[in-house]
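> One structure, pasted below without further comment.
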């Protein structure tokens, strides 16, 4: 358990401006770098670089076997990068769990990171994202295209904070009555930021139990 005042969101590194793409560039997302990072801590990762591929590098693709098993192949060399991906999954997902990641923002259409948008018929997840969803099915995840909508951005942010509340020691250190009330009511607040704020403000807490909650509330309140 890592005690954090701000939720931790893991994100494809190219979306925060890191020069990790196959062509040596990035795909910085302004909603991610100008809004979400003010209210959450960001944890950039690039599966392809962390698998040992260079920058710049050859492009890769997902290829499905007759039985539907996916492979990650180099478009120029035909190198099979699937074993390297599996090795990364084994260590990286454990690191996400240890760090108490509360949500994910991934790169659309990427063979490693896509969220239901890699261009096959039908469209599928990138292979690293598929592994994340299998390990953390309860955590919120979007790609950068969803953040272009203010409503979807705020919905994702609220879901991240709810996941953060659930993960943090706050729930374990609260007195029995407010802890039970919070755990029971959180699922019904998923769709409404105001409902979540009203719930948290109403918790009857002693002064020693309030500092973490007050800090989290400050980050949830609408900003002027």
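> For the range 63-99 and the range 136-161, what is the separation of their C-alpha centers, rounded to whole Å?
Rounded to whole Å, the Cα centres lie 25 Å apart.
> Based on the mean of other beta carbon atoms within 10 Å per residue, what is the order of 121-128, 30-37, most packed first?
Ranked by mean Cβ neighbours within 10 Å, highest first: 121-128, 30-37.
> Still on this structure, I have one more. Report the full-extension gain for the segment residue 71 to residue 201: residue separation times 0.36 nm, less the Cα-Cα distance, to one decimal in nm. Spell out each step's value before the answer.
Numbers: separation 130, 0.36 × 130 = 46.80 nm, distance 4.92 nm.
Between residue 71 and residue 201, full extension yields an extra 41.9 nm.
> Now, a different point. Quick one: order 48, 157, 151, 58 by neighbouring beta-carbon count within 10 Å, fewest to most. Don't jump to the answer; show the numbers that get you there.
Working: 48 27, 157 22, 151 8, 58 15.
Neighbour counts put them in this order, fewest first: 151, 58, 157, 48.
> In what sequence do 98, 129 fall when counting other Cβ within 10 Å, fewest first? Mind dumping the intermediate values first?
Working: 98 10, 129 26.
Ranked by crowding around the Cβ, least crowded first: 98, 129.
Here, each number is a calculation from the coordinates, and none is a lab measurement. None of these values were measured; they are calculated from a predicted model. Neighbour counts are summed over all protein chains in view; Cβ atoms, including those assigned to glycine, are modelled from backbone coordinates with ideal geometry.
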